[in-house]
1. Report yes if some residue within region 288-303 is under 20 Å from residue 373 (Cα atoms) and aromatic (Phe, Trp, Tyr); otherwise report no.
2. Got a sec? Which of 243, 270, 277 is in contact with a Leu (Cβ under 7 Å, 6 or more places away or on another chain) and of a type outside the set (Asp, Glu)?
3. Restricting attention to region 366-393, which residues are closer than 11 Å to residue 276 by Cα and not small (Gly, Ala, Ser)?
4. Could you look through region 265-284, keep only residues that are of a type in the set (D, E, K, R) and under 18 Å from residue 392 (Cβ atoms), and pick out the one that is surrounded by the most Cβ atoms within 10 Å (Cβ to Cβ)?
5. With (1) within 20 Å of residue 152 (Cα to Cα); (2) buried (at least 20 other Cβ atoms within 10 Å of the Cβ) as the list, and residue 387 as the residue in question, which single condition is left unmet?
6. Out of the residues in region 143-162 meeting the condition of being assigned to a helix (DSSP H, G or I) and among the aliphatic types (A, V, I, L, M), tell me which one is farthest from the chain's Cα centre (by Cα).
7. Can you name the condition, by its number, that residue 331 falls short on among (1) part of a helix (DSSP H, G or I); (2) buried (at least 22 other Cβ atoms within 10 Å of the Cβ)?
8. Looking at the structure I just gave you, is residue 337 surrounded by fewer than 23 Cβ atoms within 10 Å (Cβ to Cβ) and among the small types (Gly, Ala, Ser)?
Amino acid sequence: MKTLFLAGAAAICLTGAAAQAEEIKVGSVGGVTGPIADIVAEIMEGRALAAAQVNAQGGLLKGDTMTLVLADSGCDPKAAVDAGSKVVNIEQVVGIVGPNCSGATNAMVQSVTIPAGVVTISESATAPSITALEDKDLVFRVAPSDAYQGVALAQYVLDSGVSNVAVTWANDDYNAGLGEVFVKAFQEKGGTIAASQVHEPNKASYRAEMATLGGAGGEALVMFAYYGSSGITLIRNALETGAFTRFFGADGMVDDEVINQIGAENLTEAAFTAAGADDSSPSWAAYIAAAQEAGLANPTGPFVPNGYDATFLMALAIEKAGSADRSLISAALREVANAPGEVILPGEWEKAKALIAEGKDINYQGASGEIEFDAAGDVAGVYSLNTPQADGSFKSVLLK
């Protein structure tokens with residue numbers, strides 16, 4: 001029954017509005033195909049839950065339905081530009097949630113949304129390069145930049161007793177940015193990079209790369225890759241050739257398919273960082289209760305809470321703006337996210353709507369953590385450490 005509820009909610013959000021209400025369209029752009037499709041499917045459920053709550057508690061503005069217009073960015077720059085053009089120019093969305101991948105996000109916002117004056121909120125595009133965009137205050141993120149994740153991972157590797165590593169990253173914005181940050185931080189903290197190598201995604205074999213990296217004498221392989229385009233193959237080839245048995249990496253590898261294909265018994269010395277959330281907070285409790293009632297497949301999965309937050313924030317910004325005018329969303333978004341104001345937890349749409357109508361300030365506290373946008377539209381955050389388990393899942397704990 002819970003699964004049916006979620007399916008119904010998603011259908012309402014993605015396909016249209018009730019007959020008695022107008023609809024306000026928000027783009028839901030993401031890599032529903034491509035190298036992280038399994039992760040994105042779960043993120044989409046988080047987005048749908050937020051929109052369903054808005055619609056169930058009075059809707060937007062004068063009872064209008066929040067409709068999420070789906071467009072597939074494929075985790076690919078060209079596909080993302082096409083997806084953005086579709087929702088901005090044809091569907092005439094007010095704003096966009098997504099895309100997921102950094103290269104796709106960089107391409108779409110520079111080619112489509114910034115020129116069109118459309119706000120985007122990505123839950124998972126974490127490349128440091130996005131911070132430096134001249135974006136007219138139109139590009140926001142609810143997951144922290146990899147400028148911080150790379151440092152956190154470097155410290156964890158050293159704390160694990162590993163001081164000499166080989167590093168490889170895929171040739172794309174996200175993985176390259178993260179890899180470069182890691183290398184710099186690891187060396188500054190006293191670690192040694194035995195070898196580093198850029199690899200092209202979607203190759204059938206990385207045995208040649210393993211020969212080079214494995215022969216350099218590193219104690220472990222630190223890899224920055226999407227699991228579906230190179231990550232799984234890198235680990236498989238490393239194990240087959242005996243180059244490495246110990247692996248570190250980041251959120252692009254946190255998917256159960258890694259364990260399914262490699263086997264938990266071969267990943268006992270693997271650990272991957274990802275954006276985390278404080279599971280002791282009232283915001284987390286409110287989100288998890290709603291997600292479980294709705295039957296989300298994996299509400300604690302990578303960037304699923306962030307996807308929920310991005311969508312709920314977009315709705316709050318539209319409500320605060322008092323209009324579906326694109327030009328008003330950016331300023332309104334900062335007003336509902338940043339202190340001061342009465343705290344709004346996940347799911348408290350009716351409360352937020354009433355406070356906004358009374359002219360009172362609100363301060364949304366997200367499922368993924370406190371969301372305070374800085375001048376670049378970035379947020380601070382915490383990171384989790386994710387380790388493969390024998391049951392085929394990842395165990396996630398906050399990094400201290």
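1. If we filter region 288-303 for residues that are under 20 Å from residue 373 (Cα atoms), which is where we start, we get 303.
When the remaining residues are screened for being aromatic (Phe, Trp, Tyr), the result is 303.
Yes: region 288-303 contains one or more residues that are under 20 Å from residue 373 (Cα atoms) and aromatic (Phe, Trp, Tyr).
2. Values: 270 fails: in contact with a Leu (Cβ under 7 Å, 6 or more places away or on another chain); 277 fails: in contact with a Leu (Cβ under 7 Å, 6 or more places away or on another chain).
From the options 243, 270, 277, the qualifying one is 243.
3. 382, 383, 385, 386
4. Step one: list which residues in region 265-284 are of a type in the set (D, E, K, R), which gives 265, 269, 278-279.
Restricting the remaining residues to those that are under 18 Å from residue 392 (Cβ atoms) gives 265, 269.
Numbers: 265: 9, 269: 15.
That would be 269.
5. (2)
6. Restricting attention to region 143-162, the residues satisfying the condition of being assigned to a helix (DSSP H, G or I) are 146-159.
Still in the running and among the aliphatic types (A, V, I, L, M): 147, 151-154, 157-158.
On the way: 147: 15, 151: 18, 152: 17, 153: 17, 154: 21, 157: 23, 158: 26 Å.
Result: 158.
7. Result: residue 331 passes all but (2).
8. No, not satisfied.
The values are calculated or read from the model by the stated rules, or taken from the named source; none is laboratory data. Just so we're clear, the structure is a prediction, and the values are computed from it rather than from any experiment. Every residue, glycine as well, gets a Cβ built from its backbone with ideal geometry; the counts of neighbours run over all protein chains shown.
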